[in-house]
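So the structure is just underneath, and the comments pick up after that.
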Amino acid sequence: GVSTTFAAGVLSEQRAAALRTRGRAVEAGQRYKAAALSIVLHTRSPLVPTFRADVRLFVVGEAAWFGGGADLTPHYLYEEDAVEWHSYWKEVCDRHDPELYPRLKSWCDEYFYLPLRREHRGIGGIFFDDLDDADFA
């Protein structure tokens, strides 16, 4: 399925405090806008992996930052599929910066680790959050 989310409002004290812990200079009472696009593919065939991807944007005043990612969860692991999946994302990232893929892959591995199961969800992919223009200067 594909879903879109659009929201706007005023930052509560609790939300503003949470954003400040992530390095954002915001205050309660500021207006915000947010948008997200999510794609999830759950197939009928167990031979086709589950695919998830999303991208989101958050704007407060003149500041804007974004996040997102893509990951793959196969029911049956085929090594060649895993190699192709990660090779694809490495190639995409390398077009922008050869150091980008290892950073985003590691972020994904950390984000999708399931401590109760002591395993990662699926074979990973890429993940990023709280990025803005300064991250790509």
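The values are calculated or read from the model by the stated rules, or taken from the named source; none is laboratory data. The model shown is predicted, which means the values in this text are computed figures rather than measured ones. Here the Cβ is made from the backbone with ideal geometry for all residues, glycine too, and neighbour counts use every protein chain on show. When the accessible area is computed, the model is the full protein with side chains, heavy atoms only, and any ligands, DNA or RNA have been set aside. Shrake-Rupley method; radii C 1.70, N 1.55, O 1.52, S 1.80 Å.
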Q) Based on what the data block shows, is residue 36 modelled with pLDDT under 95 and over 30 Å from residue 78 (Cα atoms)? A) no
Q. If residue 82 satisfies every condition in (1) closer than 26 Å to residue 133 by Cβ; (2) touching a residue at least 40 places away in the same chain (Cβ under 8 Å); (3) open to solvent by less than 60 Å² (accessible area, probe 1.4 Å) but one, which is the exception?
A. (1)
Q: Please name all residue pairs, on different chains or six or more residues apart, with Cβ atoms under 7 Å, provided the first residue is in the range 119-132 and is on the phi > 0 side of the Ramachandran plot and at pLDDT below 90 and the second residue is open to solvent by 40 Å² or more (accessible area, probe 1.4 Å) and among the charged types (D, E, K, R).
A: 130/22
Q: Search the range 3-27 for residues that are under 16 Å from residue 59 (Cβ atoms) and at pLDDT 95 or above and pair each with any residue that is open to solvent by 100 Å² or more (accessible area, probe 1.4 Å) and assigned to a strand (DSSP E or B) when their beta-carbon atoms are under 6 Å apart and the residues are at least 6 apart or on different chains.
A: 8/33; 10/31
Q: Take the residues in the range 86-98 that are part of a helix (DSSP H, G or I) and touching a helix residue (DSSP H, G or I) at 6+ places or on another chain (Cβ under 9 Å), then tell me which one is least open to solvent (accessible area, probe 1.4 Å).
A: 93
Q. Got a sec? Which strands (runs of 3 or more DSSP E) wholly within the range 1-70 have at least 2 residues that are surrounded by 15 or more Cβ atoms within 10 Å (Cβ to Cβ) and not aliphatic (A, V, I, L, M)?
A. 31-41, 50-60
Q: Mind listing whichever residues of the range 99-119 are open to solvent by 80 Å² or more (accessible area, probe 1.4 Å) and under 15 Å from residue 53 (Cα atoms)?
A: 111
